[in-house]
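So the structure is just underneath, and the comments pick up after that.
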Amino acid sequence: MHDLPDLTPDCSACAALCCMALPFDKGEAFAFDKPALHPCPNLSGHACTIHDRLETEGFRGCGLYDCLGAGQRVVGEIFAGADWQNDTSLRAPMAEALTLLHRVHAALELLVAAERLTLPDALASERSALRAAYAPEAGWTPETLRAHAASGLDKRLRAFLASLRAHV
Ligand code: SF4
């Protein structure tokens, strides 16, 4: 079985993708509204100019977001280092890939946790099959991420997770 991707965010290997892709609403966690696909005005290049004082500036929500390592893979692997700031036509496809890969990494995080359980053979084999499907050796492209999202695998994952109740 090949290694799993790193599920820890590495902002230094990303390109502030979440600060462009995700929307947020003014309120307790964010000081103003930002629509999806619009760069946050607090960005300078790929750096947040208020990162050391997010809470005091009213952006507590930014510190709560965890891309689970999807951001750096979208930028480095799937889009080969392309920069949405230089090519605005990349914003929508990179944002879509971030959303889809974030879901994939969230599934992998659950499957990794499930590896601590001693399971009967049938469930252990389903766990391995799901892990392989969510972490394909060939990696991801925008097309395979879309196909994966439409494949119904998330439903199979939910059924697998529900079946673990008897083993925790
Ligand atoms: S406040 Fe900083 S961390 Fe939050 S979205 Fe804007 S640039 Fe990104």
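Structure data summary
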quantity: Efficiency of FRET between ASP52 and ALA132 - r from beta-carbon atoms, R0 41 angstrom, step 0.05; calculated: 0.50
quantity: Trypsin sites (Lys or Arg not before Pro) lying in DSSP loop within the stretch 79-123, provided at most 15 other Cβ fall within 10 Å; calculated: ARG116
quantity: Cα long-axis angle, helix 153-163 against the chain (0 to 90 degrees, to the nearest 10); calculated: 60
quantity: Cβ-derived FRET efficiency at R0 30 Å, ASP10 paired with SER163, nearest 0.05; calculated: 0.35
quantity: Magnitude of the charge dipole, the stretch 11-167, Cβ model with Lys/Arg +1 and Asp/Glu -1, debye to 20; calculated: 440
quantity: For the chain, alpha-carbon Rg relative to the globular expectation (2.2 N^0.38 Å, N residues); calculated: 1.15
quantity: Total charge dipole magnitude, the stretch 1-95, about the Cα centre, Cβ charges on Lys, Arg, Asp, Glu only, Debye to nearest 20; calculated: 240
quantity: Helix 91-114 vs. the chain, principal-axis angle (Cα, 0 to 90°, nearest 10); calculated: 40
quantity: Estimated distance in nm for a label pair at ARG156 and ALA92, the labels positioned 7 Å out from Cα along Cα-to-Cβ; calculated: 3.1
quantity: Loop sites in the stretch 1-43: chymotrypsin sites (Phe, Trp or Tyr not before Pro), DSSP, at most 15 other Cβ within 10 Å; calculated: PHE32
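No value in this document is a laboratory result; all are computed from the given coordinates. No experiment lies behind these values; they were computed from the predicted model shown. Glycine also receives a Cβ, built like all others from the backbone with ideal geometry; neighbour counts cover every protein chain displayed.
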